[in-house]
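The values are calculated or read from the model by the stated rules, or taken from the named source; none is laboratory data. From a predicted model like this one, the values you see are computed outputs, not experimental measurements. All Cβ positions, even for glycine, are placed from backbone atoms using ideal geometry, and neighbour counts span all protein chains on display.
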Amino acid sequence: MSLMKGKRGLVMGVANDHSIAWGIAKSLADQGAELAFTYQGEALGRRVKPLAESVGSDTVLACDVEDIATVDATFEALQQKWGSIDFLVHAIGFSDKSELKGRYADTTRANFARTMVISCFSFTELAKRAAALMPHGGSLITLTYGGSTRVMPNYNVMGVAKAALEASVRYLAADYGPQGIRVNAISAGPIRTLAGAGIADARLMFNYQKRHAPLRRTVSIDEVGGSALYLLSDLSTGVTGEVHFVDSGYNIISMPHPDALKA
Ligand code: NAD
């Protein structure tokens with residue numbers, strides 16, 4: 001199959017081969033997409049470059065979303081290389097680890113603002129620049145988590161940022177829809193990644209969801225990649241403004257099944 005043949009786009013958020021963005025990149029490359037990557041800081045760059053090469057990409061750009069000059073430079077480089085793009089993957093999130101435990105009520109103003117800028121507002125800033133390179137329409141996705149609508153212990157300010165991110169998906173979908181640009185989010189279940197490990201008791205959450213989700217397992221980065229392929233390809237041309245769950249069905253559960261509780 002070559003669902004992405006002739007399509008070009010930017011994947012942001014690969015830190016290593018456990019990253020959700022990497023699962024997405026592999027599924028897009030398998031289907032013939034041409035990819036560019038960004039990395040945050042030289043240490044991660046050394047990991048991202050060989051991964052990019054392994055899927056035939058020679059465009060690997062330094063970009064820290066806290067530094068808007070690097071964001072602008074990324075899109076200038078893409079404009080020079082390709083002229084236009086078809087998709088953007090935003091798989092970026094950050095909050096101070098010391099606040100991903102304990103009470104949300106104790107969040108500091110400084111970390112609230114930083115978490116929001118990196119984990120939420122960066123998508124809006126990137127969408128604007130990506131849309132400017134999408135004269136024939138396109139598709140943008142971001143990554144979210146169910147802690148946006150329901151309280152997950154220790155997720156705290158990140159849950160508030162994800163709620164704002166999901167709201168921005170809907171507003172951006174309305175803003176860019178007339179240009180044929182679709183904007184969606186994937187709400188992934190817990191996956192063992194660098195970012196995931198920053199949340200206190202991550203292993204407990206992971207095992208709990210594994211035990212109680214309808215599918216009785218967690219999801220892989222390849223499964224998120226499959227859903228991203230759907231949202232970024234022409235298979236989903238009628239879909240925008242959605243939050244699509246890839247979580248083994250955990251979000252539909254009100255209470256764990258008694259059998260699972262007794263086990
Ligand atoms: P990861 O650590 O592999 O990826 C997080 C990425 O964010 C890294 O590549 C990091 O460099 C990047 N990043 C952080 N601050 C940045 C900045 N200032 N500028 C540019 N990049 C920056 O972890 P992941 O789990 O693959 O996370 C990807 C996305 O998926 C995040 O938005 C995360 O919240 C979301 N998500 C993760 C899970 C999970 O359980 N792992 C579940 C649902 C959603």
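See the values below:
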item	result
Near pairs, Cβ below 8 angstrom, 6+ apart or cross-chain, from the range 180-202 (touching a residue at least 12 places away in the same chain (Cβ under 8 Å)) to any residue that is more than 13 Å from the ligand (Cβ to nearest atom) and β-branched (V, I, T)	R182/T237; R182/V239; R182/T240; V183/T240; N184/V239; N184/T240
Check on P214, closer than 30 Å to L35 by Cα, more than 14 Å from the chain's Cα centre (by Cα), without any contact (Cβ under 8 Å) to a residue 40 or more places away in the chain and away from the ligand (no atom under 13 Å from the Cβ)	no
Of all residues in the range 114-137 being out of contact with any helix residue (DSSP H, G or I) (no Cβ under 8 Å at 6 or more places or on another chain) and farther than 18 Å from R170 by Cβ, the one that is surrounded by the fewest Cβ atoms within 10 Å (Cβ to Cβ)	H136
Matching residues, the range 79-97, being farther than 10 Å from F37 by Cβ, out of contact with any His (no Cβ under 9 Å at 6 or more places or on another chain) and buried (at least 22 other Cβ atoms within 10 Å of the Cβ)	I85, F87, L88, H90, A91, I92, G93, S95
Tally of residues being within 27 Å of D106 (Cβ to Cβ) and more than 8 Å from the ligand (Cβ to nearest atom) across the range 166-196	3
Matching entry among I68, I92, I118 (being within 25 Å of G180 (Cα to Cα) and of a type outside the set (S, T, N, Q))	I92
Candidates M152, M158, filtered to the one that is over 19 Å from H90 (Cα atoms), modelled with pLDDT of 95 or more, surrounded by 15 or more Cβ atoms within 10 Å (Cβ to Cβ) and within 13 Å of the ligand (Cβ to nearest atom)	M152
Among (1) within 19 Å of N154 (Cα to Cα); (2) touching a Phe, Trp or Tyr at 6+ places or on another chain (Cβ under 6 Å) - the single one F206 does not satisfy	(2)
Meets criteria (of a type in the set (D, E) and either within 18 Å of G32 (Cα to Cα) or in contact (Cβ under 8 Å) with a residue 12 or more places away in the chain (or both)) for D247	yes
